[in-house]
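Following: one structure in structure tokens, then a few remarks.
The values are calculated or read from the model by the stated rules, or taken from the named source; none is laboratory data. For clarity, every value in this text was computed on a predicted model and none was experimentally measured. Virtual Cβ from ideal backbone geometry, glycine too; neighbours counted across all protein chains shown. Note: areas computed on protein heavy atoms with side chains; ligands, DNA, RNA excluded. Shrake-Rupley method; radii C 1.70, N 1.55, O 1.52, S 1.80 Å.
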Amino acid sequence: MPPPAIVATDLDGTLIRSDGTVSERTRRALRRVREHGGTVVFVTGRPIRVMADVVAKTSVAGIAVCANGALVYDLDAQTTVNHRELDQQAALRLALAIREIVPDVAFAVESGLRFGREPAFRTMWPDPLELVADLADLLVTLPPIKLLVRRSGESLAHVYEKVVDLAGAEAVVTRSTETLIEIAGAGVSKAVALAEVATAHGVTAADVVAFGDMLNDLPMLAWAGHSVAVANAHPEVLAAADEITASNDHDGVALVLERLFD
């Protein structure tokens, strides 16, 4: 059986360790994929603006599916391949409706290489060029790729399904942690973007192996020919995957790649 043509992997909680590092073993495994002619695709909720750090940690470039599928970026050429915006008016309507349910939430906007946030929004990746303003002003200045919802460090799991209902067909709602809700344009998912990348490379789902750990990875894992969950994954992801490997802290992705690219 030939090795897969595309290796698609989530980052946080899957490829990247809990301390934010990438092991040398994982770096070797990713380089081996490239040496065998395979394509590495990082499929993440992260924005483009932090992907240079990922390339430095992994020592591998390739394709990045960012913002849960809203934007595809060629890390080798450093160019945007495709992007899908969230309608500005839909984003504002949805934000106002969310605020009626949870009055003290704060919002942020990812817009390609740019980022903006409301003053109360705590970001994981501080940006010296960020725009700080009210959401209505942010949406005018920064065409949204993704709308982020946070309530300090408190869980939003209890309102997640309500937000999904509020979004309806206008937007796609996902979450990769309990404390953050992420909203993208209608039809956006990791699976849709990954399928488009595969088609552009002349590859079918059968020739793709995908790794993930959280609920926003489920569409991608369902689409790929072979799906792998790390041991620390969400219970629903563990149940859905074709294979379970070791955790992100124990080189789970590398273990599988070493077997596939022996």
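Take every DSSP beta bridge with both residues inside the chain and express the antiparallel ones as a percent of the total, to the nearest 5.
Values: 26 of 47 bridges.
Roughly 55 percent of the beta bridges in the chain run antiparallel, per DSSP.
What are the ³J(HN,Hα) couplings of region 159-170, residue after residue, when phi is run through the Karplus curve with 6.51, -1.76, 1.60 and θ = phi - 60°? Round to Hz, x for glycine and proline.
Residue by residue, region 159-170 yields 10, 4, 5, 5, 5, 4, 5, 5, 5, x, 8, 7 Hz.
Leaving out ligands, DNA and RNA, and with a 1.4 Å probe, what % of the accessible surface on region 13-114 is carbon or sulfur? It would help to have the intermediate numbers written out before the result.
Working: 2020 of 4270 Å².
Here carbon and sulfur together make up 47 percent of the probe-accessible area.
Please list 218-228, 241-251 highest first by mean number of surrounding beta-carbon atoms within 10 Å per residue.
Numbers: 218-228: 21.7, 241-251: 17.8.
Descending packing order for the listed peptides: 218-228, 241-251.
Length gain on complete extension for the stretch V132 to S18, per 0.36 nm per residue less the alpha carbon to alpha carbon distance?
On the way: separation 114, 0.36 × 114 = 41.04 nm, distance 2.91 nm.
The V132-S18 span can extend by a further 38.1 nm.
With an 8 Å cut-off on Cα pairs and a minimum separation of 6 or more residues, tell me the relative contact order of the chain in percent.
Values: 558 pairs, mean separation 54.9, N = 262.
Value for the chain: 21 percent.
Which order do the peptides 123-130, 209-216, 50-57 come out in when sorted by mean C-beta neighbours inside 10 angstrom, highest first? Intermediate values should be presented prior to the final figure.
Working: 123-130: 11.1, 209-216: 25.9, 50-57: 15.0.
Ranked from most to least packed, the peptides come out as 209-216, 50-57, 123-130.
Which ³J(HN,Hα) values in Hz, rounded to whole numbers, follow from the phi angles of region 42-47 under the Karplus curve 6.51 cos²θ - 1.76 cosθ + 1.60, where θ = phi - 60° and Gly and Pro get x?
Coupling constants for region 42-47: 7, 10, 9, x, 5, x Hz.
Tell me, what HN-Hα J-couplings in whole Hz come from the Karplus equation 6.51 cos²θ - 1.76 cosθ + 1.60 at θ = phi - 60° for each residue of region 143-151, using x for Gly and Pro?
After applying 6.51 cos²θ - 1.76 cosθ + 1.60, I find x, x, 8, 8, 9, 10, 10, 9, 10 Hz.
Using a 1.4 Å probe on the protein heavy atoms, what percent of the accessible area of region 156-218 belongs to carbon and sulfur?
Working: 1410 of 2390 Å².
Carbon-and-sulfur percentage of accessible area, whole number: 59.
Sum -39500 (n - 2.57) across every DSSP H segment of at least 4 residues in the chain, then divide by the residue count to get the 222 nm mean residue ellipticity, nearest 500. Intermediate results must be reported in sequence, preceding the final value.
On the way: 9 runs with 81 residues, N = 262.
Result for the chain, helices only: -8500 deg cm²/dmol.
For region 182-262, what does the accessible surface come to per residue with a 1.4 Å probe? Please give it in Å².
Working: 3020 Å² over 81 residues.
Result: 37 Å² of accessible area for each residue.
Listed highest first by mean packing, meaning other Cβ atoms within 10 Å per residue, what order do 160-169, 190-199, 69-78 come in? List each step's numbers first, then the result.
Working: 160-169: 14.8, 190-199: 21.5, 69-78: 19.6.
Output ranking for 160-169, 190-199, 69-78: 190-199, 69-78, 160-169.
Given 0.36 nm per residue, what is the gain on full extension from R122 to T79 after removing their alpha carbon distance, in nm? Please report the intermediate quantities before stating the final value.
Working: separation 43, 0.36 × 43 = 15.48 nm, distance 2.84 nm.
Roughly 12.6 nm would be gained on extension.
Residue separation times 0.36 nm, minus the C-alpha to C-alpha distance between R28 and E154: what's the value?
Values: separation 126, 0.36 × 126 = 45.36 nm, distance 3.75 nm.
Taking 0.36 nm per residue and subtracting the Cα distance, the gain is 41.6 nm.
Excluding residues fewer than 8 places away in the same chain, name every one of the lysines whose C-alpha is closer than 17 Å to that of K190.
The reachable lysines, counting only those whose Cα sits under 17 Å from K190, are K146.
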